[in-house]
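These notes are about the structure you will find just below.
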Amino acid sequence: MDIDVIETIFIEEAIDDHPTTRHILKSLPRAQLIAISRYQEIFNKRHQNFRLQKKNPCLILARKHENFVLPAPAGFGMNSNLNFYFSHMYNCIYDCRYCFLQGMYSSAHYILFVNYEDFFKAISRTIEKYPDNSLTFFSGYDCDSLAFEKISNFANHTLDFFSDHPPIELELRTKSIVTSPLMKREPVTNCIVAFSLSPKKIATILDKTAPSISHRINALKQLANAGWSVGLRFDPLIYCADWETMYSELIAEIMHDLNPRNLHSVSYGPLRFPKNMYKKILTLHPNDKLFSFPMKEKAGIISYGTEIEELMSKFIKNELNKYTTQNKIFRCAV
């Protein structure tokens, strides 16, 4: 979706004069503005049609009051002793078929929490709480870190903050090719710009409305050449006919001419859903090819099963070992 054509913005009355609110409204001058008391009255309505809303989502501007920083789920992360994530936004402008957000929320509207300053205060408190630990903070768990940057300016503020905390890592997870805000500034040495990637044939079918894989590869190489640390995220791994060839070719294309010094890490992970989330997503896409493969259930998790997961994991790891060192390769289980 083109975020410039958002037609309706719901604004919590308490933040209608917040500086971030004013900045956003200037970016979307033609949108209809509707005042609300709390975002839940729109976002948490029962019996909403996610697929219908996804065709023309509204934007909700709100204040977040708690849970600014949360521990990352087990299996999500790299080298750090402690991993955390923060979500300044709920929902994504893209429409990827395997995305867990469509099974998590009943609404497809975007929520943007404008009180960025409270996120940074919470991150500061977390850093102070663990002075002797290596920490990584992840942005992009409940949204795309950069896709909404033209409107939100959140990544720019976040990079300013983390520039003052060089021992602490920040990961911006994205499928976006919005690199200009980063290219306009000096690389932030403790920031990893991590791109989610799939083979071209798979992405064309499953990564609805997201930039093409070729464009994403160009964007990550542009950033790497400018001195930014980049991450490669093959998550989830999709099992299909000729998957070995497709992933092998994808990895070779990415690694060609990529400066190894600016490759921070590579991670990969299986396709998995909690059982109830899988049922909800399957209801939304009953005829989708992604869900035509017979899946297995174990301990409330739906997946391809251990045999296929291990087969894919071994293959991907062997391919990556051709291009980078073992200490940069991670298997994620989320």
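FYI, it's all coordinate maths here, none of it is from the lab. This structure is a prediction, so every number in the text was calculated from the model and none was measured. Here Cβ is always computed from backbone atoms with ideal geometry, including for glycine, and neighbour counts include all displayed protein chains.
See the values below:
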| quantity | calculated |
| --- | --- |
| Net charge contributed by nearby residues that have their C-beta within less than 10 Å of R97 (K/R +1, D/E -1) | -1 |
| Chain lengthening between E307 and D242 when straightened (0.36 nm per residue, less Cα-Cα) | 21.7 nm |
| Per-selection Kirkwood Rh - the chain (Cα, Å, 1 d.p.) | 20.8 |
| Set of lysines near K314 by C-alpha distance (under 18 Å), chain-local residues within fewer than 8 positions excluded | K322, K328 |
| Within-15-Å neighbourhood charge of T189 [Cβ basis; K, R +1; D, E -1] | -3 |
| Percent breakdown of C-alpha pair distances by 5 Å bin, ordered from the shortest bin, for the stretch 246-334 | 3, 12, 20, 19, 15, 13, 11, 7, 2 |
| Extension gain from Q48 to S292, taking 0.36 nm per residue of separation minus the Cα-Cα distance | 85.3 nm |
| Computed FRET value (nearest 0.05) for F315 with S180, which takes r as the C-beta separation and R₀ as 35 Å | 0.45 |
| Reachable aspartates and glutamates, given that their alpha-carbon falls under 13 Å from the alpha-carbon of K55 and they are not under 8 places away in the same chain | D2, E7, D95 |
| Proximal lysines to K150, defined as alpha-carbon separation beneath 16 angstrom and excluding residues fewer than eight positions away on the same chain | K26, K175, K184 |
| From phi via Karplus (6.51, -1.76, 1.60), per-residue ³J(HN,Hα) for the stretch 10-27 in Hz, x at Gly/Pro | 8, 10, 4, 4, 5, 10, 5, 10, 5, x, 5, 4, 4, 4, 5, 5, 5, 6 |
| Label-point gap, in nm, between T325 and K121 - each point 7 angstrom along Cα→Cβ | 4.2 |
| Local electrostatic count, F273, Cβ distance below 15 Å [Lys/Arg +1, Asp/Glu -1] | +3 |
| Kirkwood hydrodynamic radius over Cα pairs of the stretch 73-232, then Stokes diffusion coefficient at 20 °C and 1.002 mPa s, in µm²/s | 131 |
| Residue-wise HN-Hα coupling along the stretch 174-185, computed from phi with Karplus coefficients 6.51, -1.76, 1.60 (Hz; x: Gly, Pro) | 7, 10, 7, 10, 7, 9, 4, x, 7, 5, 7, 10 |
| E7-N218 FRET efficiency (beta carbon distance; Förster radius 25 Å; 0.05 resolution) | 0.20 |
| Dmax and Rg, reported as Rg then Dmax, of the stretch 1-67 (C-alpha, Å) | 12.4, 34 |
